[in-house]
Structure formats: structure tokens, C-alpha cells
Amino acid sequence: MRLIIINDFAEVRGGSDKVVIETVVGWSELGVEVDFVFGGSAVDDRLLGIPGVTLHGLQINPISEDPNRLRAMVNGLWNRQVYASVLALIAERKRQGETVVVHIHCFSKTLSMAVFAAARAEGVICLHTLHDYFAFSPNGVHFDFRAYRILDYHPLSWRTLLHNPDRRSYWHHVYRVFRTALQFRTGLIPEGVDRFIAVSGPSAEFARKYLPEEKVTRIGYPLERPSVQQYEPARQQEVGYVGRISADKGIFLLADAARRANCRLRIVGDGPDREKLVSSYPEVTVTGWRTGDEFESELRRLRVIVLPSLWPETFGLATVEGMARGIPTMVSRLAGSSEMISPGKNGWILSELTVEAIANELIATKDSNLVANFGREARATVDRLESDLFSHLAKTRTVIEESIALRNAAD
């Protein structure tokens, strides 16, 4: 089997990128030949010089950073360079007599829907992991950034053009709706994908509302078990948030709540609303993205990790990474990682997403005995899971084999 893995980036710009990089390394360790295609140019050190992995950086800047907006709009719909490059790679691997499987992760920031078209044109097995909802949602999160609520209608219904839920202009919203409609009308999604992989139970349930139920499979993120001793959150003073700084993540609710509860808030991450956050809440510490030892140092400083998402987040990897280190977490009822939380035992589920409700829960974290007990049970929860990298890859291989069998039966 020749596996072609496709993602916007080969560096960590979010939790999904971290997972993709880890899986590329994992497949290599299992002896699977991998072509890793990515839009950018920067490459994570873990990907350099590993056996069986060929890197294909397409040297494409993020669409949002292209100063030529007309070119950005065209490439956002259909990047001809991406299509030609991926098509040629698949064709070359097929000529070598290999069974080719394409696994697409994130595609909206640099690559475009052209990656799906290349896979369909060559008739190879195609998987798509739903790190977000760009497969069927124009803004990727099915969230109204103006009303601060989940959209309650089909993303391609007539209602979607009567209101602008996007953080940008109405015409940008129309462009995104057209892009999503084009994916569906051309048959790239869902017909061109053999299996959609949801990363949590809640996200699978949500995706099945808009994609064929039989095509959606749940495979949870690989959760590493750190070799370090359990951290001591009860000795720390800072409340933490790890992830993208964006309104849909509930980050402004959290900052307000931390101010009301008189808690120090530390944010590890970056995103489109960073400047607004820093100017409105100068008392909040924002570190930017961290990896490796720097990431571990940041986690050691935290008393609790909070994920107050306002949208049906696919998972929320950072909260569970904290749990694995004995840091209790406070998770929105809308986030996929809420399935990991047993309220009153290993963390908190935020059933009411208001400043007052979150502030009250933050005040509860000032009980050091409670934080210590929740932290121990949080780590035990992760330890009981069969969710390491190679379990994850074994499940992915099973999905690939099932997809091949279905194709063969249809032929």
C-alpha cells in the first residue's frame, strides 16, 4: 500500500496539524511508504529524514495571506497547481503498480477542493478526516459569528443566503457558500470520498446530519501517554486555554469569566482574534504556539485547562493532553472531548456557556484538594483508553481495508 497523506501544513499551527505529523511518523515506523503533500514550505523537524516518507511541499502561501485577492479567490475555489501536482503523484504511484490510498486532512487554508478532484480523477480510495466541517459547512464550524450561536439550518439551504454568519463581509460569505455548493454539485463531496473519519462521538453524530451516515466512521485522536510523572496542578495558579484564539472558541467568554473570578488566564496559541483579545484583556498572558519541551513547560504552569467552545468542536485535543498529564479540564458541552469528562470525578462540563456560569466554575477550581483529586482521575481516565498512536493507525488501516473491499465488491 502506498499512502498519500495531504494536509494544509507540515508544521504545527493547531492540534490537527500535530496529529497529522504524528501519524506520518507512525506510518513510517510501521514500514508503510508515505507521500506527504502539504501546501506550505515550513516542515516540522520530526518529519526530516525519516525512512519511507517523501515530502512534497507545494510552496503555497495560505489563501488568507495572498495580497492578490482575486488570485486568492480563484485558488480558494480551485488551485490548478495543487490539482496537477497531486494528480501526477497519484498517477506515478499507480504506474509503479502500488495500491494507492489518499488520506486528506485539512485542505481549506492552502490546497482547495482540488485535492479531492485529483483523487477522484484517478479512481483511488479517498479518506477525509473531519478536523473541521469545511466538507459541508461554508465557514468550517457551522457557527454564526455575529449572533454567537450554532447555525440551526442546513448550510446549503436557501436560508444561508439571507443572513451573513461569517466573521467577514456578506460577499465573503456568499463566496464560501458557492465554494461548498461546488464541492457538492461536482460530486467531490460526499460521492468522491469513500469514508469520512470523525474524531469523536459527538462530531460523528453532528456530521451524520449532513453527510451519508454509512460513510461516517469514528476514530478518535491518538492520545500520547507522557513518560513524565503526573504534574501537580493544585500547586499552580494559572487557568489555561490551549488552542486557536477565535471568538467561536469562547475565548472572550473565558477572559471575561477569569476577570470576574479573579483568576490569572494563560493562553497557549494564536489566531485571528489575538490582537482584539490582548487589547481588551491586557492582564491575559498569550504565549503563541508552543511545541516539544516548551509546550510541556507551559502545561506544568496550569491549574486547569478550559475549552469553552461555542460551536460543535470536533474534539479539543489540548484538554485531553492536559488530562494525560494529570491536569483537570473544563469542557463545553458542545465540544467532542466532553465525552471524556465525568462531572464530579475528573473535570467539569460547561452546560451553560455564559460569563457568570464559567466564572462560578473557575471559582470552584480554587479548592486545591478538588483540583488534585480531579487531576489524578483525569490521568487515570486517559490511561484506561486504548488510544495510543498505533491503535489509532490500526483502526485507520481497518477502514482502508474495508473501503478497498467495498470497491472490489462493487466492481
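Values in this text are rule-based calculations from the coordinates and carry no lab data. Values in this document were obtained by computation on a predicted structure and should not be read as measured data. Positions of Cβ are backbone-derived with ideal geometry, glycine not excepted, and every protein chain shown enters the neighbour counts.
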Exercise. Among LYS94/LYS209; LYS109/LYS395; LYS18/LYS249; LYS18/LYS366; LYS18/LYS345; LYS209/LYS276, which pairs are too far apart, with a Cα-Cα distance over 24 Å?
Worked result: LYS94/LYS209; LYS109/LYS395; LYS18/LYS366; LYS18/LYS345; LYS209/LYS276
Seminar exercise, completed: Summing -39500 (n - 2.57) over every DSSP H run of at least 4 residues in the chain and dividing by its residue count gives a helix-only mean residue ellipticity at 222 nm, to the nearest 500 deg cm²/dmol, of -11500 deg cm²/dmol
Exercise. All other residues with a Cβ under 15 Å from the Cβ of GLY14 taken together, and with Lys, Arg as +1 and Asp, Glu as -1, what is their net charge?
Worked result: -4
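Work through the residues other than THR354 whose Cβ is under 15 Å from its Cβ and net out their charges, Lys, Arg +1 and Asp, Glu -1.
Net charge around THR354: 0.
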Seminar exercise, completed: Karplus ³J(HN,Hα) for the stretch 92-98 (6.51 cos²θ - 1.76 cosθ + 1.60, θ = phi - 60°; Hz, whole; x = Gly/Pro) runs 5, 5, 5, 5, 7, x, 9
Exercise. Once you put a point 7 Å from the Cα of VAL278 and another 7 Å from the Cα of ALA394, both along the Cβ direction, what distance in nm separates them?
Worked result: 4.6
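Using a simple charge model, +1 on the beta-carbon of Lys and Arg, -1 on the beta-carbon of Asp and Glu, nothing else, what dipole does the stretch 271-411 show about its Cα centre, in debye to the nearest 20? The partial results should precede the final answer.
Details: 16 positive and 21 negative charges, 56 e Å.
Around 260 debye, computed over the stretch 271-411.
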For this session: Would you grab the residues whose amide H sits under 5 Å from the one on SER332? Only those 5+ places off in sequence or on another chain, please, with H modelled 1.01 Å from N.
Result: LEU307, SER309, LEU350
For this session: Go through the stretch 285-300 residue by residue and turn each phi into a ³J(HN,Hα) via Karplus (6.51, -1.76, 1.60, θ = phi - 60°); whole Hz please, and just put x for glycine and proline.
Result: 8, 10, 9, x, 5, 9, 9, x, 5, 5, 5, 4, 4, 5, 5, 4
For this session: Compute the signed sum of charges (Lys and Arg +1, Asp and Glu -1) over the other residues within less than 10 Å, Cβ to Cβ, of VAL53.
Result: -2
Exercise. Rounded to two decimals, what ratio of Rg to Rh does the stretch 233-383 give with C-alpha atoms and a Kirkwood Rh?
Worked result: 0.92
Exercise. Which ³J(HN,Hα) values, rounded to whole Hz and listed in residue order, are derived for the stretch 256-271 from phi using the Karplus coefficients 6.51, -1.76 and 1.60 in 6.51 cos²θ - 1.76 cosθ + 1.60 with θ = phi - 60°, glycine and proline given as x?
Worked result: 4, 5, 5, 5, 5, 8, 6, 10, 7, 10, 10, 10, 9, x, 7, x
Problem set entry | Placed amide H near VAL242: partners under 5 Å, 5+ positions off or other chain | VAL268, VAL306
Exercise. What do you get for Rg/Rh over the chain if you use C-alpha atoms and the Kirkwood form of Rh?
Worked result: 0.96
